[in-house]
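Chemist: Can you read through this structure? Questions will come right after.
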Amino acid sequence: MADGQSSSSGSVPGASGKWSSQEFFQTQQPPQGLEQVAKAASEFVQRQIENGRKVVLVTSGGTTVPLERNVVRFLDNFSAGTRGATSAEYFLSAGYSVIFMSRQHSLAPYTRHYSHTTNPFLDLLVDPTTHVPSDAAAEDDGDTIKVMSQHVAHLRPILKAYHDARASGYLHKVSFVTVNEYLFLLREMSRVMQPLGRKGMYYLAAAVSDFFVPSTKVPEHKIQSGKGSLVIEMDQVPKVLKPMVQKWAPEGFIVSFKLETDPNLLIPKARAALERYGHQLVIGNDLQRRKFEVVFVERKRRPRKRTTTSDSFSSVTGLEKEDYKNDDFESTWMRLEGGGDGGEGGGKGGEREIEEDIVRELCRRHDAWIQEAEDDSSSR
Ligand code: PAZ
């Protein structure tokens, strides 16, 4: 196949349950309004290029697999989008412009701190019927709703960063719901970012379904009960990292995430992904430990760039370097001291978040990646 993936066995796309990305994009329905979404993103990218800024595509949240075309039921996964939303904030602070491609209604940068489950916004507000007059912040002029004074210190910097991000024009949002929408959008956003060359980073933190139901097999109406158990046959979602690396974003700095529940699979699967797709980095994480422990798996650097991984990590606490056998790859664990769980919406005031360390290390690697190309062109 043109994209280098194994084809399905018959002439019918996906006949064996396996789809090449080419077959997928030729036969599945693109999301409505894709052209306009791509146009808006392209204009955003052009503005960032004019301003000389680096851009990162952050994918975030889970994808659904609808079981009916008039969708009543769908398969989903656990991801709330914490990793993506949190990382997007740190990328913005690090001077990146961000295309935040997330699952509709999942957590978003800044607003994530006041998720309805962990930190309901109404709980922060003064109840005008019981306000305490001695509390200056609680005085009610009948027109204004006040935030309780004990929450102001936490809210103020977040509110400022939120407004700064909106006013700056450095944050662009795109949303998806289904895995099909995600795949079409990923291809489109990658193409749109191509003109950035090495200044584009791709941070693929969304939890993407490995299986889907092709459009030809999705019933139009709600599946009826009464015939006993329901058997659903799903096909394998095409592996799009390979065409992404080779065609959609050939110069991009591509970081994928690998989630496992069996810790023994984490590094072997991450290495296999690097070998198969040839991108820059896989960040492995275990479902239960993902908020305080991740592992960077990457190819060993060539000798001419002798900023070793251990050097580049030296400023981060809780990191251990570990050469994984004597081969071409190395894995580096990153841990938050104390192993705290920041909760669904992220840390409460003062708690450290592992995304801060992840993003700092990625920025360093991305800069080296950009520099490498500049060195190459000046030595020619
Ligand atoms: O969204 P969240 O913060 O709850 O979880 C983040 C994550 C585990 C989905 C992410 O770190 C990740 O591993 N994404 C890739 C998952 C995968 O498809 O393997």
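The values are calculated or read from the model by the stated rules, or taken from the named source; none is laboratory data. Everything numeric here is computed off the predicted structure, so don't read it as measured data. Cβ sites come from the backbone with ideal geometry, for glycine too, and all protein chains shown count toward neighbours.
Chemist: Taking the condition of being surrounded by fewer than 16 Cβ atoms within 10 Å (Cβ to Cβ) and among the hydrophobic types (A, V, I, L, M, F, W, C), how many residues in segment 176-217 meet it?
Modeler: Looking only at that region, the number is 1.
Chemist: Residue by residue through segment 26-80, note down the ones that are in contact with a Ser or Thr (Cβ under 8 Å, 6 or more places away or on another chain) and of a type in the set (Asp, Glu).
Modeler: ASP76
Chemist: Is it fair to say SER79 is modelled with pLDDT of 95 or more, closer than 20 Å to VAL359 by Cα and in a loop (DSSP other than H, G, I, E, B)?
Modeler: For SER79, the condition - modelled with pLDDT of 95 or more, closer than 20 Å to VAL359 by Cα and in a loop (DSSP other than H, G, I, E, B) - is met.
Chemist: Same structure, new question: In segment 63-86, which residue that is hydrophobic (A, V, I, L, M, F, W, C), crowded, with 17+ Cβ neighbours inside 10 Å and farther than 19 Å from PRO31 by Cβ is farthest from the ligand (Cβ to nearest atom)?
Modeler: ALA85
Chemist: Here is a list of conditions, (1) away from the ligand (no atom under 16 Å from the Cβ); (2) assigned to a loop (DSSP other than H, G, I, E, B), and THR216 meets all of them except one; can you say which number that is?
Modeler: (2)
Chemist: While we're looking at this one, here's another question. Could you look through segment 225-270, keep only residues that are aliphatic (A, V, I, L, M) and assigned to a loop (DSSP other than H, G, I, E, B), and pick out the one that is farthest from ARG299 (Cα to Cα)?
Modeler: LEU230
Chemist: Can you go through LYS227, LYS247 and tell me which one is under 28 Å from GLU35 (Cβ atoms) and surrounded by fewer than 21 Cβ atoms within 10 Å (Cβ to Cβ)? Give the derivation first.
Modeler: Details: LYS227 fails: under 28 Å from GLU35 (Cβ atoms).
Unique residue meeting the criteria: LYS247.
Chemist: Write out, first by first residue and then by second, each pair whose Cβ atoms fall under 7 Å of each other, whose residues are 6+ apart or on separate chains, and whose first residue, in segment 257-279, is on the phi > 0 side of the Ramachandran plot while the second is modelled with pLDDT of 95 or more.
Modeler: GLY278/VAL245
Chemist: Please tell me if PHE313 is modelled with pLDDT of 90 or more, more than 16 Å from the ligand (Cβ to nearest atom) and among the hydrophobic types (A, V, I, L, M, F, W, C).
Modeler: Criteria not met by PHE313.
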